[in-house]
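Take a look at the structure below.
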Amino acid sequence: QDEDVRLAEDLAWRAALALDNARLYRESQEAIQARDEFLSIASHELRTPITALRLGIQRLFRLARGGAEPPWKTVATSLEGIERQGRRLTLLINSLMDVSRLQSHHIQLDLEEVDLSEVVRDVVAQLGGVLARTHTPLVLRADAPVVGRWDRSRLEQVVTNLLDNAIKYGARAPIEVTVALEDGTAVLTLGDRGIGISPDRLPFIFGRFERAVSSRHYGGLGLGLYIVRQIVELHGGTIHVESIPGQGSTFTVRLPLSFSPG
Ligand code: ADP
């Protein structure tokens with residue numbers, strides 16, 4: 001009888017091992033698939049601005065070789081395009097670097113006294129060109145100072161990523177950006193009336209490389225919101241989204257005015 005028990009135990013152990021191996025195999029296959037998908041998206045994303053840069057430079061070359069006085073307006077437009085694509089490339093590479101730093105916990109916050117309203121106004125001004133080019137109206141409510149101890153450039157990154165998305169997925173409808181102070185917490189909300197996010201994808205969009213199907217043809221690495229959430233959480237804050245497909249999305253960031261990590 002002892003022998004039977006041992007045999008049964010041995011069988012159970014082997015079955016558990018086989019199940020575990022199957023799980024490990026499935027997980028490694030999924031990881032390989034995710035890596036391949038990422039490599040293909042990343043190369044596409046990097047190639048697009050590089051192609052645009054090269055086209056812009058070739059256009060300028062042709063004008064320069066033409067001998068005659070170049071049409072300065074065309075020159076200026078080409079240079080603007082080159083600047084924009086260079087900026088896009090830098091942003092892409094910065095996000096890739098941030099993700100690896102965040103993964104290895106190598107991001108240190110440089111805390112100082114910062115006015116969130118001012119940060120938001122600055123970012124809106126920086127993205128003024130994109131807003132104009134995409135004909136996106138923006139309603140800004142960030143007049144009263146909301147001051148806390150935060151990392152200014154990291155907050156700029158949060159607002160830039162959220163606003164970039166609101167413009168990209170916002171279907172040119174008005175975007176509303178608000179900064180307020182509620183019960184000693186800074187609250188930033190960004191609402192758009194764009195494509196929205198389906199409820200089944202909503203829980204995943206803050207993950208690494210996560211993109212909703214509806215956004216596939218918009219371009220992007222699926223890293224922005226991951227980085228945003230990590231930065232907000234490093235500040236002791238939270239980020240929350242509400243969205244209805246076809247009607248729009250509202251992202252709400254809450255930040256304690258001061259926070260001592262650890
Ligand atoms: P990316 O925009 O590069 O794909 P993000 O991490 O910034 O990556 O966003 C992840 C996904 O969340 C996007 O691919 C998109 O599907 C969805 N998303 C983010 N912001 C919005 C928004 N304002 N409206 C609709 N969908 C959004």
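Here, each number is a calculation from the coordinates, and none is a lab measurement. Nothing here was measured: the structure is a model prediction, and the numbers come from that model. Using ideal geometry, Cβ is built from the backbone for each residue, glycine included, and neighbour counts are taken over all protein chains shown.
For segment 221-262, the equivalent ellipsoid built from the Cα gyration tensor has semi-axes of 24, 13, 5 Å, listed from largest to smallest. Cβ-Cβ distance of Glu3 and Glu242, R₀ of 51 Å, FRET efficiency by 1/(1 + (r/R0)^6): the value works out to about 0.25. If the only charges are +1 at each Lys and Arg Cβ and -1 at each Asp and Glu Cβ, what is the size of the charge dipole of the chain around the Cα centre, to the nearest 20 debye? Here the chain has a charge dipole of around 1660 debye.
When Rg and the Kirkwood radius Rh are both evaluated on Cα atoms of segment 157-262, their ratio Rg/Rh stands at 0.97. Here the relative contact order of segment 57-178, from alpha carbon pairs under 8 Å that lie six or more residues apart, stands at 26 percent. For segment 226-253, backbone nitrogen atoms closer than 12 Å to the point 7 Å from Thr185 Cα along Cα-to-C-beta are found at 236-240, 252-253. Counting neighbouring beta carbons within 10 Å and listing from fewest to most, the residues Asp192, Asp200 come out as Asp200, Asp192.
For GluC sites (Glu not before Pro), no site in segment 111-216 is both called loop by DSSP and has at most 12 other Cβ atoms within 10 Å.
Counted as membrane-span-like here are DSSP H helices of the chain whose alpha-carbon atoms extend 20 Å or more along the helix's own axis and whose Kyte-Doolittle mean is -1.0 or above; these are 2-65, 72-103, 152-168. What you get for segment 187-262, charging only the Cβ of Lys and Arg (+1) and of Asp and Glu (-1), is a dipole of about 120 debye around the Cα centre. Under conditions of 10 °C and 1.306 mPa s, the chain yields 74 µm² s⁻¹ as its translational diffusion coefficient, taking Rh as the Kirkwood radius over Cα pairs in the Stokes-Einstein equation. With all pairs of different C-alpha atoms in the average, the Kirkwood value for the hydrodynamic radius of segment 2-82 is 18.2 Å.
Report summary: the helix-based calculation at 222 nm, which adds -39500 (n - 2.57) for every DSSP H run with n ≥ 4 and divides by the residues of the chain, gives -19000 deg cm²/dmol. When the Cα positions of Gly81, Leu39, Leu181 are compared along the charge dipole of the chain, Gly81 comes out farthest toward the positive end, with charges on each C-beta of Lys, Arg, Asp and Glu. Across the chain, C-alpha contacts under 8 Å between residues 6 or more apart give a mean separation that, scaled by the residue count, equals a relative contact order of 16 percent. Remark on segment 76-201: ratio of C-alpha radius of gyration to 2.2 N^0.38 Å is 1.15. Packing, as the average of other Cβ atoms within 10 Å across residues, places the peptides 77-84, 61-68 in the order 77-84, 61-68, highest first.
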